[in-house]
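Structure record follows, encoded as structure tokens.
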Amino acid sequence: MKKDIVLSGIRSTGNLHLGNYFGALRNFVRMQDDYDCNFFIADLHALTTNPDPVQLHASVKQILAEYLAAGIDPEKATIFVQSDVPEIPEMYLLLNMHVGIGELMRTTSFKDKARKALGIGPAAEGDDDEAFEKQIIGASTNKRVNAGLLTYPTLMAVDILIQKATLVPVGKDQEQHLELTRRFARRFNSFYGVDLFPEPQNFNFGAAAVKVPGLDGSGKMGKSEGNCIYLVDEPKALRKKVMKAVTDEGPKEPNQPISEPVANLINLLELTGAADLAAQYRAAYADCTVRYGDLKKDLAEAILGITTPIRDRVNDILADEEYLRRVVRQGAERARERAAATLAEVRQVMGLRGF
Ligand code: TRP
């Protein structure tokens with residue numbers, strides 16, 4: 001029986017953090033035995049924010065090493081770098097012919113990122129869309145909202161459709177992009193009267209999508225939030241970050257609901273696998289005997305239990321350039337094989353038939 005095709009990618013914009021690990025990486029490792037897995041590093045997507053070239057390359061290499069160190073096995077899964085597959089940008093051009101600027105401009109991630117680029121605050125209820133559009137069109141060149149940012153969802157759809165992936169493990173923030181991917185697939189199929197692209201679904205390998213909280217009291221862990229614990233943080237720095245995590249003034253009366261910042265820390269402890277400890281701290285909160293210093297110490301050690309072996313392996317892997325080169329070369333070969341086959345079909349269907 002042919003296995004379902006799983007595909008997911010992480011943008012190369014720095015080191016991976018615990019949110020990436022619990023939200024993505026850990027599940028990738030669990031899936032690789034049961035599915036035709038394809039995990040890539042989205043370096044073309046990273047270009048939308050015009051990163052420093054040296055840093056971009058370092059980040060691609062780092063994430064590759066982190067994928068491998070976390071347990072993704074290049075013999076079981078295809079691991080590749082997006083820009084090693086030139087079929088992707090070619091199909092991106094073709095698919096863009098069937099994507100409306102309006103639907104791209106209405107995408108939440110575009111609105112958020114464009115507002116950031118323009119230096120205006122986050123979107124809110126009742127925003128004046130017309131004023132926003134005027135600002136984009138009139139933006140001076142140093143505050144430009146580039147066309148790559150606008151067409152980010154087309155590129156992501158191509159990543160998925162060119163591999164004919166049906167299962168796409170992503171977080172909640174990517175749901176809208178996946179919805180657009182399905183829409184583009186349907187549109188293409190029906191425009192040309194073909195059945196070329198399957199519609200991909202979000203996939204969490206049986207697990208509910210986890211929200212990995214940050215250390216600053218509210219919200220999720222994220223690079224732009226500045227509240228991250230990185231997989232490669234040194235123990236000293238990591239302990240310091242955890243000790244500085246936001247809590248509250250302590251429970252005032254028995255059985256009061258746990259405040260968000262403290263609940264976040266206990267949830268994080270639970271995510272590391274320390275369910276018993278987490279239960280103890282919930283009970284201690286309920287009877288007002290909780291000590292945040294102890295909670296933080298236990299949390300830091302529990303996190304280190306997960307990150308230390310990964311960090312050790314990352315350093316070994318990074319030192320082995322030859323191995324890294326072999327992994328990406330083999331990954332690119334496999335990813336290109338399927339991509340080339342799909343692209344050939346797309347070209348044929350669209351009338352680019354050659355002579
Ligand atoms: N946009 C995704 C993110 O920021 C990364 C990504 C790019 C992706 N292409 C993809 C994820 C294809 C899944 C499938 O998280």
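Selection over segment 244-264 of residues that are over 12 Å from P213 (Cβ atoms), among the small types (G, A, S) and touching a residue at least 40 places away in the same chain (Cβ under 8 Å) gives a count of 1. Among the numbered conditions (1) at pLDDT 95 or above; (2) basic (K, R); (3) within 17 Å of the chain's Cα centre (by Cα), the only one that K172 does not meet is (1). Scanning segment 288-304 turns up one or more residues that are closer than 28 Å to A65 by Cβ, within 22 Å of the chain's Cα centre (by Cα), part of a helix (DSSP H, G or I) and of a type in the set (V, I, T).
The number of residues in segment 25-59 that are crowded, with 21+ Cβ neighbours inside 10 Å and hydrophobic (A, V, I, L, M, F, W, C) comes to 10. Of all residues in segment 133-154, which are small (G, A, S) and outside any helix (DSSP H, G or I)? Of everything in segment 133-154, those that are small (G, A, S) and outside any helix (DSSP H, G or I) turn out to be A139, S140.
Checked against (1) surrounded by 16 or more Cβ atoms within 10 Å (Cβ to Cβ); (2) under 30 Å from M350 (Cβ atoms); (3) touching a strand residue (DSSP E or B) at 6+ places or on another chain (Cβ under 9 Å), F110 passes all but condition (3).
This table checks each residue for (1) of a type outside the set (D, E); (2) under 20 Å from E90 (Cβ atoms); (3) within 12 Å of the ligand (Cβ to nearest atom); (4) assigned to a helix (DSSP H, G or I).
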position: M156; (1), (2), (3), (4): yes, yes, yes, yes
position: H177; (1), (2), (3), (4): yes, no, yes, yes
position: R183; (1), (2), (3), (4): yes, no, no, yes
position: F188; (1), (2), (3), (4): yes, yes, no, yes
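Taking segment 60-83 as the range and being touching an Asp or Glu at 6+ places or on another chain (Cβ under 7 Å) and either surrounded by fewer than 19 Cβ atoms within 10 Å (Cβ to Cβ) or of a type in the set (D, E) (or both) as the test, only K76 passes.
V210 meets the conditions (1) of a type outside the set (D, E); (2) within 13 Å of the ligand (Cβ to nearest atom); (3) part of a loop (DSSP other than H, G, I, E, B); (4) under 16 Å from the mean Cα position of the chain (by Cα) in every case but one. The failed one is (2).
Tell me, which residue of segment 84-102 that is surrounded by 13 or more Cβ atoms within 10 Å (Cβ to Cβ) and either hydrophobic (A, V, I, L, M, F, W, C) or farther than 26 Å from Q348 by Cβ (or both) is nearest to the ligand (Cβ to nearest atom)? Among residues in segment 84-102 that are surrounded by 13 or more Cβ atoms within 10 Å (Cβ to Cβ) and either hydrophobic (A, V, I, L, M, F, W, C) or farther than 26 Å from Q348 by Cβ (or both), the one nearest to the ligand (Cβ to nearest atom) is I88. For segment 24-44, a residue qualifies if it is more than 15 Å from the ligand (Cβ to nearest atom) and β-branched (V, I, T), and exactly one does: V29.
With respect to being at pLDDT 95 or above, among the hydrophobic types (A, V, I, L, M, F, W, C) and assigned to a strand (DSSP E or B), V54 falls outside the description. Selection within segment 6-19: residues that are more than 10 Å from the ligand (Cβ to nearest atom) and surrounded by fewer than 20 Cβ atoms within 10 Å (Cβ to Cβ). The member of this set that is farthest from E66 (Cα to Cα) is G14. Of all residues in segment 3-48, those that are more than 18 Å from I88 (Cα to Cα), without any contact (Cβ under 8 Å) to a residue 60 or more places away in the chain and among the β-branched types (V, I, T) total 1. Checking each residue in segment 1-55 for being more than 16 Å from the chain's Cα centre (by Cα) and within 20 Å of A147 (Cβ to Cβ) picks out N50, P51, P53.
The values are calculated or read from the model by the stated rules, or taken from the named source; none is laboratory data. Every value quoted in this text rests on a predicted model; they were computed, and no experiment measured them. Note that we place each Cβ from the backbone using ideal geometry, even for glycine, and neighbour counts take in every protein chain shown.
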